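Derivation of every value follows stated rules applied to the coordinates shown; laboratory data play no part. All of these numbers come straight from a predicted model, not from anything done at the bench. Ideal geometry is used to build each Cβ from the backbone, glycine not excepted, and the neighbour counts take in all protein chains shown.
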Amino acid sequence: MQRIAIYPGSFDPVTMGHLDIIERGLKLFDKIIVTILQNPTKKYLFSVDERVEMLEDSLGNFDNVEIAHYNGLLVEYANQRDAHAILRGMRAVSDFEYEFQMALMNRKLHRDIQTVFLMTSLRWIYTSSSIIKEAVRFGGDIQDMVPPIVHDRLKKKFSLPTGGAN
Ligand code: PNS
């Protein structure tokens, strides 16, 4: 039996922190399906197609990673794809309450799907898609925190000159 995990999220946009979790997740799972889902509490900067494109460009090197999107319940999609695990990264105590609540709800909705948490590497502990977007919006240099395509796309979104240092 293949060990398949869903790595769900908004990925608005994908960051080096996400890529780190995927790379480390591949040591535990045979296949990871990176899935863009709707978080009803968020307003997105990028469309689903744009987010898929950035993920595909950033993860092109991995054979055992698939990019998907789904409009509905995460556990429903996991079940459809024969995935028995949900992979999530945990940065700090501040993430815990939300992650714990989501993991318990997902378990209530589907008992056979386990949530597995990986601690974010120390290097990415303070980063998030939201804080990165805010930094770029005001001209901050975040080049080493995101894949190159994301850096370009963020600059375009905020109509900033692309290439070179800020
Ligand atoms: O990157 P995020 O925004 O923290 O990811 C949250 C996400 C998209 C994984 C979560 O909101 C989600 O699973 N949305 C789909 C609907 C669902 O199944 N919600 C959880 C149980 S109510």
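Summary table below
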| quantity | calculated |
| --- | --- |
| Test item: Cα-centred dipole of the range 31-166, Lys/Arg +1 and Asp/Glu -1 on Cβ, debye | 400 |
| Signed unit charges on C-beta, dipole axis of the chain, positive-most listed residue 60, 75, 7 | 75 |
| Helical contribution to [θ] at 222 nm, DSSP H n ≥ 4, -39,500 (n - 2.57), averaged over the chain, rounded to 500 | -12000 deg cm²/dmol |
| The range 4-126, relative contact order in percent, only Cα pairs under 8 angstrom and at least six apart counted | 32 |
| Max mean-square fluctuation residue, GNM over the chain, Cα-Cα springs under 10 Å, options 83, 135, 68 | 135 |
| GNM top mover of 69, 110, 151 - the chain, alpha-carbon springs below 10 Å | 110 |
| Under 14 Å, Cβ to Cβ, from residue 15 - net charge with Lys/Arg +1 and Asp/Glu -1 | -1 |
| Tail weight of P(r) past 26 Å, computed on alpha-carbon pairs of the chain, percent | 26 |
| GNM flexibility winner over the chain from 41, 127, 115 (Cα, springs under 10 Å) | 41 |
